[in-house]
Amino acid sequence: MGSSGVQIVCVALGIIGLIATVVTIAVPRWKVSAFIGQNIITAQVQEEGLWMECVVQSTGQQQCKAYDSLLILGSDLQAARAMTIISSMLTVLSLLILCAGADFTTCIDNEDVKPKVSLVSAIGLIIAGLLLIIPVSWAANNVIRDFNNPLVAQSNKRELGACIFVGWGGGVLLLLAGGLLCCFSRPRSGGSSGTAKYYSNSASAPSKNYV
């Protein structure tokens, strides 16, 4: 009874985490221009994402350009593309598995199999959360390292974009959903042993009557 409510909450957390993952992948706001030194007054803001970089003018106009080649990208950006895409796909698969094995659905009738299916979904959500947090943290570390590096020109320094924080939030939600499912997806051994004893007693009753 209580586990079905927890599973509904985990589904909601997983959906929100999936939305955050999609936003992190699609929106080009991983890195933004840093207004320091001579760049304090500027008429444009440069934004960088996984797939493109954009320039936003002070008038509100925005021009975006996709990266020319995958080979010119850094290893952190290439890994971030792969990890975030795998995270989104794994989240969708885990949510489908959870809905199939949840207590509030009838896709699976076997009550002994449902906790195992929910546990598989929990592991998938945890892995998806880690795959989202790792590239976001990696990118944040690179931005902070370059920002504090005096050898990097001020025009090339960047600050953390909104997608970094959205990715952190989405990863935490996925980890929370997976952790809750792990706690409430344990198989019930007491109920199965009780039914076994009941059947064994009923089966031995007719033999005593014949004697």
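The values are calculated or read from the model by the stated rules, or taken from the named source; none is laboratory data. Owing to the predicted nature of the structure, the values given are computational and were not obtained by experimental measurement. Heads up, the Cβs are rebuilt from the backbone with ideal geometry, glycines too, and the neighbour counts pull from every protein chain shown. Surface areas here come from the heavy atoms of the whole protein model, side chains and all, with no ligands, DNA or RNA. Shrake-Rupley method; radii C 1.70, N 1.55, O 1.52, S 1.80 Å.
Stretched out straight at 0.36 nm per residue, the stretch from MET89 to SER137 would grow longer than its current Cα-Cα span by 15.3 nm.
Label-to-label distance, SER155 versus VAL22, with points set 7 angstrom from Cα along the beta-carbon direction: 3.9 nm.
The residues of region 109-155 have, on average, 54 Å² of accessible surface per residue, using a 1.4 Å probe with all protein chains present.
At a probe radius of 1.4 angstrom, the accessible area of region 1-107 per residue rounds to 55 square angstrom.
Across region 1-153, C-alpha contacts under 8 Å between residues 6 or more apart give a mean separation that, scaled by the residue count, equals a relative contact order of 21 percent. Taking every alpha-carbon pair under 8 Å whose residues sit at least 6 apart, region 87-179 reaches a relative contact order of 33 percent. Between ILE144 and LEU130, the simple spin-label model (points 7 angstrom out along Cα→Cβ) gives 2.2 nm.
Kirkwood radius for region 92-175, taken over all pairs of different Cα atoms as the inverse mean of 1/r, rounds to 15.2 Å. Phi-derived couplings, Karplus 6.51 cos²θ - 1.76 cosθ + 1.60 at θ = phi - 60°, listed residue by residue for region 132-138: 8, 6, 4, x, 5, 5, 4 Hz, with x used for Gly and Pro. Here the Karplus curve 6.51 cos²θ - 1.76 cosθ + 1.60, taken at θ = phi - 60°, turns the phi angles of region 81-88 into couplings of 4, 5, 5, 5, 5, 5, 4, 5 Hz, with x standing for Gly and Pro. For region 81-168, with all protein chains in place and a probe radius of 1.4 Å, 70% of the accessible heavy-atom surface sits on carbon or sulfur.
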